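Report on the structure given below.
The values are calculated or read from the model by the stated rules, or taken from the named source; none is laboratory data. Since the model is a prediction, treat every value here as computed from it, not as a measurement. Here the Cβ positions follow ideal geometry from the backbone for every residue, glycine too, while neighbour counts run over all protein chains shown.
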Amino acid sequence: MVLGRWLRRGARAPGDGAFVAFLTHSAEVQPVNAGERLFADTASTRLRVLIPAAELARRVPVRLVPLARFLADPSLRALGAPRAVVIAKLAAGAVAAMERELTALLDAVAAGRCPAPVFADLSDDYAALADALRAPFLAEYQRRLAEHCALTVPCAALRDALAPLAARGVEVIEDPYESDAAQPVRTRAGEPPALCWFGTLGAPNADDLRETLSTLARTMGDGGGRVELVAGEAARAVGTAIAAAVAAANPRWSVAYTVWSPESAAAAIARSDFVLLPQAHATPWGRVKSHNRLVETIRAGRLALASPIPSYLELAEYAWVGEPLAEGLRWALAHPEEAAARVARGQAHVAKRFAREAIGARWAQVLGV
């Protein structure tokens, strides 16, 4: 991943003045304009780097800084006077692939070579994923970040999981919503009901999703259903395997695959009657996921049928949260008016709690700007 290919090419940053640095995959130093809409094809980059950076830029200059630039000069003095440095969230696979570079980063931070406070933003429990992905460096990376950096995380469950390791503290900064406007609420299902799932599909969640959807189809007995999976092109083969398993469980159920883009995801949710948000809530890596997919579902005007991870339970009055999901589907089909009322109340709640402005203010508070 090279962040510079996703963003507009900014002018070189001037070498004076205070600023906040986000260490990223960017190809060059890129200043961020206040309120600017920048894009990346991974949700974590948008929610944990680009939107926060654009909101922080309303208060203080912000720059996206390549990791290599920081390693060459952790003081960043050529760019000005850093007020805070944020080690941006990386996908677990990227961490495993960048062991040499990230070890150098950890060594520089541990040696105190950066004059500004250093924060590390984590959206996953890397140590919990280390065994599942057979990548032991994930656990070491997280341990050393927690030892030498203040941590920021998107939800209370991840804060609680990391708190015993966090020598310099851990703060919750929730994910903002991305959608520009809340969509009309619709909870009356067609025949058969249309369901949607969207997200990152692969290890370690693919097996869980296949089993969850197969069980849902099998449990619904004579009832039919349509599921639309929205994920990246690289996961299409995984989607095909899930479709085969669901059809084997109940021939009246079908699974279609849509390649993710912001537009295709929004269209898929709009075509659906309900959105499925299963999560492996019994696993340490699954139960610490953030609110973001549930928040976007509520913004889209659809009832989510979600597993009981802590973040979803916080918003349970605005969705159906529990197990098994077949029970939630039966409830939603039988109670469309109550389902619509839940979503409408949820839209009012998330419009305030997860607004870009509110999340930007929280970032500013935690970073001390």
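Quick notes on this one:
- Residues in the range 268-323 that are over 18 Å from Ala348 (Cβ atoms), hydrophobic (A, V, I, L, M, F, W, C) and either outside any strand (DSSP E or B) or out of contact with any strand residue (DSSP E or B) (no Cβ under 6 Å at 6 or more places or on another chain) (or both): Ala268, Ile269, Ala270, Ala280, Ala282, Trp285, Val288, Ile309, Leu313.
- Qualifying residue in the range 207-218 (condition: small (Gly, Ala, Ser), at pLDDT 95 or above and out of contact with any helix residue (DSSP H, G or I) (no Cβ under 6 Å at 6 or more places or on another chain)): no
- Whenever a residue of the range 35-60 is at positive phi, its partners that are crowded, with 22+ Cβ neighbours inside 10 Å and not polar (S, T, N, Q), lying with C-beta atoms within less than 8 angstrom and at least six residues away or across chains, give the pairs Gly35/Glu55.
- Complete set of residues in the range 331-369 that are charged (D, E, K, R), in contact with a helix residue (DSSP H, G or I) (Cβ under 9 Å, 6 or more places away or on another chain) and farther than 15 Å from Glu174 by Cβ: Glu338, Arg342, Arg345
- Taken as a whole, the condition of being farther than 20 Å from Glu263 by Cα, at pLDDT below 95, in contact with a Lys or Arg (Cβ under 6 Å, 6 or more places away or on another chain) and assigned to a loop (DSSP other than H, G, I, E, B) does not apply to Ala40.
- Just one of the listed residues (Ala339, Ala361) is in the same structural domain as Gln279 (by TED's automatic domain parsing) and assigned to a helix (DSSP H, G or I), namely Ala339.
- Selected residue (criterion: surrounded by the fewest Cβ atoms within 10 Å (Cβ to Cβ)) from residues of the range 117-132 that are more than 17 Å from Ala282 (Cα to Cα) and touching a residue at least 60 places away in the same chain (Cβ under 8 Å): Pro117
- From Glu55, Glu99, residue being over 19 Å from the mean Cα position of the chain (by Cα), of a type outside the set (Ser, Thr, Tyr) and closer than 26 Å to Lys289 by Cα: Glu99
- Scanning the range 241-264 for residues that are hydrophobic (A, V, I, L, M, F, W, C), over 9 Å from Leu213 (Cβ atoms) and assigned to a strand (DSSP E or B) returns Ala256, Val259.
- Tabulated pairs, the range 341-369, first at positive phi, second modelled with pLDDT of 95 or more, C-beta under 9 angstrom, 6+ apart or interchain: Gly368/Arg83; Gly368/Ala84; Gly368/Pro117
- Among the criteria (1) assigned to a loop (DSSP other than H, G, I, E, B); (2) closer than 23 Å to Cys114 by Cα, the one Pro31 does not fulfil is (1).
- One residue stands out in the range 277-292 among those that are surrounded by 21 or more Cβ atoms within 10 Å (Cβ to Cβ) and either touching a Gly at 6+ places or on another chain (Cβ under 9 Å) or not assigned by TED's automatic domain parsing to the domain that holds Asn205 (or both): the one that is nearest to Tyr177 (Cα to Cα), namely Leu277.
- Scope the range 57-81; condition small (Gly, Ala, Ser) and buried (at least 17 other Cβ atoms within 10 Å of the Cβ); matching residues: Ala57, Gly80
- Remark: pairs (first residue in the range 234-254, under 14 Å from Trp197 (Cβ atoms); second residue modelled with pLDDT under 95 and surrounded by fewer than 16 Cβ atoms within 10 Å (Cβ to Cβ); Cβ separation under 6 Å; 6+ apart in sequence or on different chains) = Ala235/Gly202.
- Pro74 being of a type outside the set (Val, Ile, Thr) and in a strand (DSSP E or B): no
- The set of residues in the range 202-240 that are in a helix (DSSP H, G or I) and among the acidic types (Asp, Glu) comprises Asp207, Asp208, Glu211, Glu233.
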